[in-house]
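For reference, the structure discussed in these notes is given below.
The values are calculated or read from the model by the stated rules, or taken from the named source; none is laboratory data. Given the structure is predicted, the values throughout are model-derived calculations rather than measurements. As a convention, Cβ positions derive from the backbone with ideal geometry for all residues, glycine included, and neighbour counts pool all protein chains shown.
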Amino acid sequence: MELKAYKIHVKGLVQGVGFRPFVYRIAHQFGVKGTVENNNTGVYLCAEGESDQILNMVKALREKAPEAASITSVSMKEEPLRGFSDFEIVSSQSVSDEVTEISPDIAVCSACLEDMKRQKNRFNYPLINCTNCGPRFTIIRDLPYDRPQTTMASFTLCRECEAEYSQVQDRRFHAQPIACHHCGPHYTLHYDGLKVENIESVIHQTAALLDQNKIVAVKGMGGFHLACNAFSEDTVARLRRKKSREGKPFAVMFRNVEVTKKFMVLNEQEEAVLKSWRRPVVLLKSKKNLADSVSLGLDTVGVMLPYMPFHYLLFERLKTDCIVLTSGNIAEEPVLIDNEEALKKLAPVADAYVTYNRDIHNRADDSVCFVTNGAARLIRRSRSYAPSPVQIQYNTEGIFAAGAELVNCFAIGKGNQVLLSQHIGDLKNLETLEFYEESFERFQRLFRFKPKFIASDLHPDYLSTRFAEGLDIPLIRVQHHHAHIAACMAEHQLDERVIGISFDGTGLGTDGKIWGGEFLVADLNDFDRVVHFDYLPMPGGDLVTREPFRMAMALVHHYKGSDFLKDHRNSLFSDISQEKFDAVMMMLDRKINCPESDSAGRLFDAVAALTGVCRRSTFHAEAPMRLESVASMENEGDYNFDFDGVVLSFRPMTDALIQDVLNQVDPSVISAKFHRTILKIMLDVTKTISNQFAIKKVVLSGGSFQNRILLGLGEDRLRKAGFEVFSHESVPSNDGGIALGQMAVAAKRLSMNDKNK
Ligand code: ZN
Ligand code: FE
């Protein structure tokens, strides 16, 4: 038999997911000799054996890889024989500037849950993990991924753990965060001035506290949570008050999927996402109520399943089947990660604290998604997703995409990859801005990244833009809605002219006005704004998002005039004080402090307020969410609109809608008619543009496509009409996806510059 030697290069998500030990095992299985090593560009194998053996091993490499690994490419190059006598794992080398992927955090695996009941040194050990599961991104300080580069560095392995760590056939072979009761970090319950460290007591007492309706701060994977019994209205309301969170729904954790089904409507895909190793929060329709204060009248609840060993241990003891598990922070600050800081800052909220002494290095909130038309759609991409890259078709090397402002997430470019940061948040908050700057520093170091170009929004006041400008390197400006459409195009590797429908909250347009109801004809490089919604005044500027009734007044004023609005104050706005009404009236009449916006979000605000569904908003996008929530789509009917080929006027709709409100038609019916109107506009305008420009591909992006009626039915109808429709799945359609779009546009423009040289 003839022996051959190959150098095999595996790229993708292959570090920190138990890949080298896996390779070792299959190499032995197929009798292949050689070495495997991690380096900054992926995993390298030197493989010697008969051709068949090697090819079979490569086949198994692709087919049997650990669940959390994902291989993007395997390349093979024949080499001279070196005569290996065995197959070995050789130590990591940092040799290149090109960096492979860092694994996101992985939910505890079923084998570890069994070990937790079987292994003596890990009986009920709440930080058990193996090469297939456990913390990764949140504990990594630097690459390559080896224990001394993680927050486990200070824990010295005991003899038993050491044996598993170095035994090839063991599931914990080279599991970097490996630990047990003897040598690893431990949990502590802080309650009533006492510290409890015995794990049985910690679990027992924490469960008891939760069942007694106490609020407990619990350290999670990427940050602290605040937990309480999800069935106790008093407790959930108290948590809401103390956390200064007026209306935003809380996420909950159910004991298991069976219990979830009793309370939530759950289809097959939703169940699969809920149980996936990433364990995101999945938005589900409720069928039976938890405490009212969990979601305050919205028809959906964000649900997750246990993903840390501690969660499982807790539910073994808990009587309640469901706990609120919301981010451990006050108001809009970043979620807390430091033990001391959490004890201090959460003191006004929490009755007790559960910590452990392994540090969280990289903060990561729970990720959030929903399922529509058979696909999971991320709306917050963070824990267990970050920092997995998105692959695009252009060279992104050296591009830093600064992102948007409100739901910020930035991105850096390496090769053809876009590394999106974890969810950062609203940069107007000082602590969040610091988190942004710190994370950018860390990404530069972790991924050996040097920014050479910046892609940023047109908006001069975005703090992300200002930060980017401060770096003093060439800046590429990308219009907000072009970035939205480009993000969705990048996700689907589109590089051609498309019809882009961007329905969104806010973004600066090229005419200096605020956009958000746009039909673009766009490619990655540039766009034409072909059709847009009618501009409405926003009396009070940004204030309208907190007081949607201002938009309702603006809508009536714009289409029905000042006198009509004044005459109908009692029938339409009786709950608004005369003083406030007059003040807004004055702004509208005199066009003072009334920036103009054509945003879909503002139109939803106006209709939500006019129908009385939401006059004042307590959290971002509450009015559109409530309007969607009340819509009963089984009702027929819609409203008319005017379209002159460029501008969509809502005059006829406003006439009829006001009549419906005055006739006391139920808001669920009005909302459904309004949604159908927008759906009709999507279809009609797309057809017109398609005929004009001969384009069949339609791309949907922008925050309004978190609305499941618009996204679900919009896609359906466009597809039925023969269009090829693309919408977001793995990147948010909200501003959390903007950085990807900025990156794609910048990369495209740079590639065109290169060609022109
Ligand atoms: Zn495991
Ligand atoms: Fe946006």
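Within region 196-226, restricting attention to residues that are assigned to a strand (DSSP E or B) and within 20 Å of E332 (Cβ to Cβ), the residue that is farthest from the chain's Cα centre (by Cα) is A217. In region 248-263, the qualifying residues are those that are among the basic types (K, R) and part of a loop (DSSP other than H, G, I, E, B), and the one that is modelled with the lowest pLDDT is K248.
Taking region 652-681 as the range and being surrounded by 22 or more Cβ atoms within 10 Å (Cβ to Cβ), touching a helix residue (DSSP H, G or I) at 6+ places or on another chain (Cβ under 6 Å) and closer than 23 Å to C488 by Cβ as the test, only H675 passes. Would you be able to tell me the number of residues in region 399-427 that are under 16 Å from G736 (Cβ atoms) and either in a loop (DSSP other than H, G, I, E, B) or over 20 Å from the mean Cα position of the chain (by Cα) (or both)? Residues in region 399-427 being under 16 Å from G736 (Cβ atoms) and either in a loop (DSSP other than H, G, I, E, B) or over 20 Å from the mean Cα position of the chain (by Cα) (or both): 14 in total. Determine, yes or no, whether T545 is among the hydroxyl-bearing types (S, T, Y), at pLDDT 95 or above and within 16 Å of ligand 2 (Cβ to nearest atom). Spelling it out, it is not the case that T545 is among the hydroxyl-bearing types (S, T, Y), at pLDDT 95 or above and within 16 Å of ligand 2 (Cβ to nearest atom).
Tell me yes or no: at least one residue of region 174-185 is of a type in the set (S, T, N, Q), more than 12 Å from ligand 1 (Cβ to nearest atom) and touching a Ser or Thr at 6+ places or on another chain (Cβ under 7 Å). Checking region 174-185: at least one residue is of a type in the set (S, T, N, Q), more than 12 Å from ligand 1 (Cβ to nearest atom) and touching a Ser or Thr at 6+ places or on another chain (Cβ under 7 Å). Filter region 136-195 down to the residues that are part of a helix (DSSP H, G or I) and among the polar types (S, T, N, Q), then identify the one that is nearest to the chain's Cα centre (by Cα). This residue is T138.
Among L713, L740, L718, which is under 28 Å from the mean Cα position of the chain (by Cα), surrounded by fewer than 21 Cβ atoms within 10 Å (Cβ to Cβ) and not assigned by TED's automatic domain parsing to the domain that holds L627?
Values: L740 fails: surrounded by fewer than 21 Cβ atoms within 10 Å (Cβ to Cβ); L718 fails: surrounded by fewer than 21 Cβ atoms within 10 Å (Cβ to Cβ).
Of the residues listed, the single one that is under 28 Å from the mean Cα position of the chain (by Cα), surrounded by fewer than 21 Cβ atoms within 10 Å (Cβ to Cβ) and not assigned by TED's automatic domain parsing to the domain that holds L627 is L713.
From the list I514, I499, I412, which one is touching a Phe, Trp or Tyr at 6+ places or on another chain (Cβ under 6 Å) and either buried (at least 22 other Cβ atoms within 10 Å of the Cβ) or touching a residue at least 24 places away in the same chain (Cβ under 8 Å) (or both)? Let's see the steps before the verdict.
Details: I514 fails: touching a Phe, Trp or Tyr at 6+ places or on another chain (Cβ under 6 Å); I499 fails: touching a Phe, Trp or Tyr at 6+ places or on another chain (Cβ under 6 Å).
Result of the check over I514, I499, I412: I412.
Among the residues of region 264-319, write down those that are among the charged types (D, E, K, R) and outside any loop (DSSP other than H, G, I, E, B). Result: E268, E270, E271, K275, K285, D292, E316, R317. Taken together, the residues in region 482-501 that are away from ligand 2 (no atom under 13 Å from the Cβ), assigned to a helix (DSSP H, G or I) and either farther than 29 Å from N691 by Cα or not small (G, A, S) (or both) amount to 2. Out of curiosity, is E636 in contact (Cβ under 8 Å) with a residue 12 or more places away in the chain and acidic (D, E)? Answer is no for this residue.
Would you please name the residue that is nearest to ligand 1 (Cβ to nearest atom), looking only at residues in region 472-521 that are touching a strand residue (DSSP E or B) at 6+ places or on another chain (Cβ under 6 Å) and of a type in the set (D, E)? Here the residue is D504. Residue pairs whose Cβ atoms lie under 8 Å apart, sitting 6 or more positions apart in sequence or on different chains, and linking a residue in region 106-125 that is without any contact (Cβ under 8 Å) to a residue 40 or more places away in the chain to a partner that is away from ligand 1 (no atom under 12 Å from the Cβ), are K117/F123; K117/N124.
Scanning region 696-706 turns up one or more residues that are within 16 Å of ligand 2 (Cβ to nearest atom), buried (at least 21 other Cβ atoms within 10 Å of the Cβ), among the β-branched types (V, I, T) and closer than 30 Å to G637 by Cβ. Taking (1) outside the structural domain of A47 (by TED's automatic domain parsing); (2) surrounded by 13 or more Cβ atoms within 10 Å (Cβ to Cβ); (3) away from ligand 1 (no atom under 16 Å from the Cβ) in turn, P126 satisfies each apart from (3). Every condition in (1) among the hydrophobic types (A, V, I, L, M, F, W, C); (2) within 15 Å of A747 (Cβ to Cβ); (3) not in a loop (DSSP other than H, G, I, E, B) is met by F443 except one, and the failing one is (2).
State yes or no: is R171 within 16 Å of ligand 1 (Cβ to nearest atom), among the basic types (K, R) and more than 19 Å from G220 (Cα to Cα)? Considered against the rule, which asks whether it is within 16 Å of ligand 1 (Cβ to nearest atom), among the basic types (K, R) and more than 19 Å from G220 (Cα to Cα), R171 comes out as yes. Scanning region 502-526 for residues that are within 13 Å of ligand 2 (Cβ to nearest atom) and of a type in the set (A, V, I, L, M, F, W, C) yields a count of 4. Among the residues of region 341-376, those identified as touching a residue at least 24 places away in the same chain (Cβ under 8 Å) and among the small types (G, A, S) are A342, A350, A352, A364, S367, G374, A375, A376. In region 443-481, how many are within 16 Å of ligand 2 (Cβ to nearest atom) and surrounded by 14 or more Cβ atoms within 10 Å (Cβ to Cβ)? Residues that pass the stated criteria total 14. Checked against (1) assigned to a loop (DSSP other than H, G, I, E, B); (2) within 20 Å of R245 (Cα to Cα); (3) in contact with a Phe, Trp or Tyr (Cβ under 9 Å, 6 or more places away or on another chain); (4) of a type outside the set (A, V, I, L, M), E332 passes all but a single condition, namely (3).
Determine whether region 352-363 contains at least one residue that is among the aliphatic types (A, V, I, L, M), in contact with a Ser or Thr (Cβ under 8 Å, 6 or more places away or on another chain) and at pLDDT below 95.
no
Among residues of region 714-731 that are acidic (D, E), those with a Cβ under 8 angstrom from a residue that is outside any strand (DSSP E or B) and modelled with pLDDT of 95 or more, sequence gap 6+ or separate chain, pair up as E715/N373; E715/S727; D716/N373; E724/K696; E729/E491.
Among the residues of region 72-92, those identified as closer than 21 Å to S388 by Cα and modelled with pLDDT under 90 are T72, S92.
In region 509-525, the condition of being within 22 Å of V407 (Cβ to Cβ), in a strand (DSSP E or B) and out of contact with any helix residue (DSSP H, G or I) (no Cβ under 7 Å at 6 or more places or on another chain) is met by at least one residue.
Number of residues in region 1-39 that are closer than 25 Å to G134 by Cβ and among the aliphatic types (A, V, I, L, M): the value is 8.
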